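Have a look at the structure below before the remarks.
Where a number appears in this text, it was derived from the coordinates with a stated rule and is not lab data. Everything numeric in this text was worked out from a predicted model, so none of it was measured. Here the Cβ is made from the backbone with ideal geometry for all residues, glycine too, and neighbour counts use every protein chain on show.
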Amino acid sequence: MVWVRRLLIASWGSEMKIHSILKYAPVALVPALLLLTGCAFNTENPHAYLPDAQTEAAGVYIEQCGGCHSVPHPQRLSAAAWKSMVAVMDKRRDERKYPPLSESQRKKIMSYLEAHAR
Ligand code: HEC
């Protein structure tokens, strides 16, 4: 990277100034990198991969099925398989002292899963 140094010397004039720029450059790099990675891992809508992610049913699904693991994509299973999977999850909730799904939550989750199942 000698040419970078030469270029900097040519445009800035003094070896001293360049030395301090190079010395503090890593300090400026840290927030710059944080900013870049922050944009790359879009934290605004982490569930954008789900179909109809903005609907109320999707909201209930995300809330109730994303507490112990990542929210599974509804295309993973058939409607029938979701039915038994949600029954298994009822047991997992119980074991971990999670409150059971209310009837209205269950209805919204099941209709969301059925609508988007494979
Ligand atoms: C109380 C914690 C908890 C909640 C809440 C929960 N799960 Fe699970 N889930 C688990 C555990 C633990 C496993 C690991 C496999 C097992 O126990 O059968 C799992 C596994 C799964 C799997 C299989 C993952 C795989 O890799 O094959 C699916 C699909 C799933 N859950 C869907 C759901 C859905 C849908 C809901 C919401 C109705 C839900 N989970 C809510 C604890 C939970």
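Site pair His69 and Met1 shows an inter-label distance of 4.5 nm when each label is modelled 7 Å from Cα along Cα→Cβ. Between Glu103 and Ala79, the distance separating the two model label sites (each 7 Å from Cα on the Cα→Cβ line) works out to 2.2 nm.
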